[in-house]
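Below is one structure, written out as structure tokens, with a few remarks after it.
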Amino acid sequence: MATNPQTTPQGDAYVFPSHRITRKMRDESRTPVVLVACGSFSPVTYLHLRMFEMARDYIKQQSQFEVVGGYLSPVNDEYKKPGLLSAAHRVNMCTLATELTSNWLMVDPWEGLQAKYQPTAVVLDHFDKQVNEVLGGIELTNGDHKRVRVMLLAGSDLINTMSEPGVWSPSDVRFPFSFSPLFFPSLRPFRSLGDSD
């Protein structure tokens with residue numbers, strides 16, 4: 001079930017997809033997590049989808065988190081990457097890929113529907129607001145709600161941009177969003193982040 005109808009700057013109706021979010025935790029001692037991958041997805045590939053499965057498996061076995069949902073967020077057309085298909089086409093490709101191959105991944109078109117390019121930190125704030133404020137987080141058995149942590153699932157290409165001058169605002173390279181370096185063993189993302197000081 002999707003919630004929070006809004007209008008985009010172009011006047012299009014927007015509804016946050018939430019039909020696959022787990023609304024109740026299996027293990028309430030854990031912290032609920034939504035994984036978000038921002039990117040071109042031009043085109044979406046098997047490895048994009050596999051990255052989510054690997055992250056979920058790792059989190060389940062090696063952490064105190066519980067994955068309650070996952071999102072692909074195709075970048076806005078104003079990103080101007082050479083060869084970038086339109087956001088509408090990329091959203092449709094991602095939606096087909098997730099709906100046909102997964103029972104927990106979704107595609108949020110919000111980023112692609114905006115009038116201009118949105119920095120990744122703004123997109124993550126959008127997810128935090130939708131999941132925690134609009135949906136109210138995750139319901140516990142006693143009726144209380146637990147805040148969901150939004151985690152950025154990032155490839156090495158995105159992580160490497162964090163040390164490039166002018167690409168990220170220093171205030172946007174902040175935590176609580178998290179990175180998962182285990183999927184790219186040749187990359188040392190925290191060294192890259194530290195180099196941007």
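The values are calculated or read from the model by the stated rules, or taken from the named source; none is laboratory data. Bear in mind the structure is a predicted one, so any value in this text is a computation, not a measurement. All Cβ positions, glycine included, derive from the backbone under ideal geometry; neighbour counts span all protein chains shown. Accessible surface is based on the protein model in full, side chains and every heavy atom, while ligands, DNA and RNA are left aside. Shrake-Rupley method; radii C 1.70, N 1.55, O 1.52, S 1.80 Å.
The rows are residues; the columns are (1) closer than 19 Å to LEU158 by Cβ; (2) open to solvent by 70 Å² or more (accessible area, probe 1.4 Å).
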residue	(1), (2)
GLN61	no, yes
PRO74	yes, no
GLU78	yes, yes
LEU85	yes, yes
THR95	no, no
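Candidates are the residues of the stretch 68-82 that are in a strand (DSSP E or B) and under 12 Å from the mean Cα position of the chain (by Cα); the one that is farthest from LYS146 (Cα to Cα) is PRO74. With the checklist (1) open to solvent by 50 Å² or more (accessible area, probe 1.4 Å); (2) at pLDDT 90 or above in hand, flag the one item ASP128 doesn't pass. Failing condition for ASP128: (1). Confirm whether SER18 is polar (S, T, N, Q) and at pLDDT 95 or above. In short, yes.
Residues in the stretch 43-79 that are touching a residue at least 12 places away in the same chain (Cβ under 8 Å) and over 24 Å from ARG26 (Cβ atoms): PRO43, VAL44, HIS48, SER73, PRO74, VAL75, ASN76, ASP77, GLU78, TYR79.
Listed here are the residues, each with its yes/no results for (1) crowded, with 21+ Cβ neighbours inside 10 Å; (2) within 23 Å of LEU135 (Cα to Cα).
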| position | (1), (2) |
| --- | --- |
| SER18 | no, yes |
| SER29 | no, yes |
| PHE41 | yes, no |
| MET54 | no, no |
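Looking at ASP195, ASP144, just one residue is at negative phi, at pLDDT 50 or above and either exposed (fewer than 15 other Cβ atoms within 10 Å of the Cβ) or acidic (Asp, Glu) (or both), and that residue is ASP144.
Filter the stretch 118-143 down to the residues that are outside any helix (DSSP H, G or I) and touching a residue at least 12 places away in the same chain (Cβ under 8 Å) and list them by number. Listed by number, the residues that qualify are GLN118, PRO119, LEU135, GLY137, ILE138, GLU139, LEU140, THR141. On the given criteria, is SER169 in a loop (DSSP other than H, G, I, E, B), out of contact with any His (no Cβ under 8 Å at 6 or more places or on another chain), open to solvent by 40 Å² or more (accessible area, probe 1.4 Å) and modelled with pLDDT of 75 or more? In short, yes.
The residues in the stretch 103-117 that are touching a helix residue (DSSP H, G or I) at 6+ places or on another chain (Cβ under 7 Å), open to solvent by less than 20 Å² (accessible area, probe 1.4 Å) and outside any helix (DSSP H, G or I) can be counted, and the count is 3.
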